[in-house]
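For reference, the structure discussed in these notes is given below.
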Amino acid sequence: MTATAPPSLVLVLNSGSSSIKFQLVDPVAGTALLSGLVEHVGEPDSPVADHAAGLRLIHSRLADSGIDLAAVRAVGHRVVHGGKLFYRPTLITDEVVAKIDRLSELAPLHNPANVIGIEVARKDFPDVPHVAVFDTGFFHSLPAAATTYAIDRDLANRYGIHRYGFHGTSHEYVCGVAATVLGRDTRELNIIVLHLGNGASASAVRGGVAVETSMGLTPLEGLVMGTRSGDVDPGVLFHLNRTAGLDIDELDELLNRRSGLKGLCGVNDFRELLEQRAAGGPAGEAANLAYDVYVHRIRKYVGAYLAVLGRVDAIVFTAGVGENAPSVREDSLEGLDALGISVDPERNRAGRGARIVSAKGSRTSVLVIPTDEELAIARAAWQFV
Ligand code: ADP
């Protein structure tokens, strides 16, 4: 008997500002063989001094796993910002790395970490294609009316002030799975995607093409998130600067790290928020308000995107909160029966995995689709093998 060849694998790397996630994926079977996370990269007192050390740790975990690393046929890199330059999965060359590095101005926390991850991994796996998959890519198709901020054109053009959108890999992936679940072609479907994780974003997708999304120049705009405010009147910043004396870095920190659910009730983890609500008392009151603000913001975006799309065939909930918090799905779509949207309370609270949770007669299907950005990146990288 001949030994069967080991499956071909793709290593997916998500090298973030202070953590590196990895996953070894069989792109053909669509399964993950191994995944892990190295945290506190480059933080004071951390044993992981920098990204190079983090990637060495990952390499030794891979080697210890017993999986034959010769089976790794490609490496897929999640890159946050492709600017206007990159939107398709892109084979990485020295020139591509230099351009991703130059885009750091638009994503100062993320692109530099992505670049280091790419450089170290190219040395570790020198003989296979490395492919960059951009978080902004799927939103390249947004029309100018959706990407343009109504500010001075010359200034905006000079500094690349433009709505790019993020989480694109997830939005695109769940649209594909939703079409499969509905037995339809994505090209026939108008979909609203609600990606509700630590970061959160909404999108409107017409026939598989994104036409609107809630994140903008940076991942700060739009929905209420774990620690990010989402939409605020920019006048709040001028006011806080003038009255509270907060400088630009303090305001950045306020809106990105001390706002959202955390700012409203002290916790950014949605499970803790739900526990705090259940426990009641003053902390429970704060958690109730945080929950209401969170859900209200989602409703506003659903309403806006209904108008953008005109006809909506499906609303898809995904990511940590979207997949696991039935009350958020129910409350954010409550009372929309007249618009053809009805969540079925029983279906919504039961089941696992990709599924339909709308009522039988609901004109718009409501779905829960677990996202899998790693698989999407692995498949994109696999095209280059
Ligand atoms: P990230 O953006 O870091 O990938 P995730 O998609 O994993 O985040 O989402 C993390 C969020 O999902 C956290 O706020 C977490 O509390 C929430 N979450 C995870 N499981 C549940 C659950 N069972 N119920 C409610 N929220 C959940």
Practice task
Look at residue 272 and say whether it is within 16 Å of the ligand (Cβ to nearest atom), free of Cβ contacts under 8 Å to residues at least 24 places away in the same chain and open to solvent by 20 Å² or more (accessible area, probe 1.4 Å).
Solution key: yes
Exercise for the section: Any residue in segment 179-202 that's farther than 22 Å from residue 222 by Cβ: show its pairings with residues that are open to solvent by 10 Å² or more (accessible area, probe 1.4 Å) and within 16 Å of the ligand (Cβ to nearest atom) at Cβ separation under 6 Å, as long as the two are six or more apart or on different chains. Expected result: 181/354
Exercise for the section: List every residue pair whose Cβ atoms sit under 8 Å apart, with the two residues 6 or more apart in sequence or on different chains, where the first one lies in segment 297-325 and is in contact (Cβ under 8 Å) with a residue 40 or more places away in the chain and in a loop (DSSP other than H, G, I, E, B) and the second, anywhere, is more than 16 Å from the ligand (Cβ to nearest atom) and hydroxyl-bearing (Ser, Thr, Tyr). Expected result: 312/305; 312/364; 313/364; 313/365
Handout entry: Number of positions in segment 100-126 that are open to solvent by 80 Å² or more (accessible area, probe 1.4 Å) and either farther than 19 Å from residue 58 by Cα or touching a Gly at 6+ places or on another chain (Cβ under 7 Å) (or both)
Key = 4
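Being assigned to a helix (DSSP H, G or I), within 15 Å of the ligand (Cβ to nearest atom), out of contact with any strand residue (DSSP E or B) (no Cβ under 9 Å at 6 or more places or on another chain) and of a type in the set (A, V, I, L, M, F, W, C), is that true of even one residue in segment 327-340? Give the derivation first.
At the first step, the residues of segment 327-340 found to be assigned to a helix (DSSP H, G or I) are 327-333, 337-339.
After this cut, where a residue has to be within 15 Å of the ligand (Cβ to nearest atom) as well, the list is 327-332.
After this cut, where a residue has to be out of contact with any strand residue (DSSP E or B) (no Cβ under 9 Å at 6 or more places or on another chain) as well, the list is 327, 331.
When the remaining residues are screened for being of a type in the set (A, V, I, L, M, F, W, C), the result is none.
The answer is no, given that none of the residues of segment 327-340 is assigned to a helix (DSSP H, G or I), within 15 Å of the ligand (Cβ to nearest atom), out of contact with any strand residue (DSSP E or B) (no Cβ under 9 Å at 6 or more places or on another chain) and of a type in the set (A, V, I, L, M, F, W, C).
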Exercise for the section: Look through segment 143-171, keep the residues that are crowded, with 22+ Cβ neighbours inside 10 Å and touching a strand residue (DSSP E or B) at 6+ places or on another chain (Cβ under 8 Å), and return whichever of them is nearest to residue 206 (Cα to Cα). Expected result: 171
Problem - Selection count where residues are within 21 Å of the chain's Cα centre (by Cα), open to solvent by 10 Å² or more (accessible area, probe 1.4 Å) and away from the ligand (no atom under 16 Å from the Cβ), scope segment 306-326 - result: 0
Fill in the blank from the handout: Residues of segment 291-323 being among the aromatic types (Phe, Trp, Tyr) and within 15 Å of residue 336 (Cβ to Cβ), in sequence order, are 301, 305, 317
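The values are calculated or read from the model by the stated rules, or taken from the named source; none is laboratory data. Everything numeric in this text was worked out from a predicted model, so none of it was measured. When we count neighbours, we look across all protein chains shown, and the Cβ atoms used for this are built from the backbone with ideal geometry, even at glycine. The area values use the complete protein model at the heavy-atom level, side chains included, leaving out ligands, DNA and RNA. Shrake-Rupley method; radii C 1.70, N 1.55, O 1.52, S 1.80 Å.
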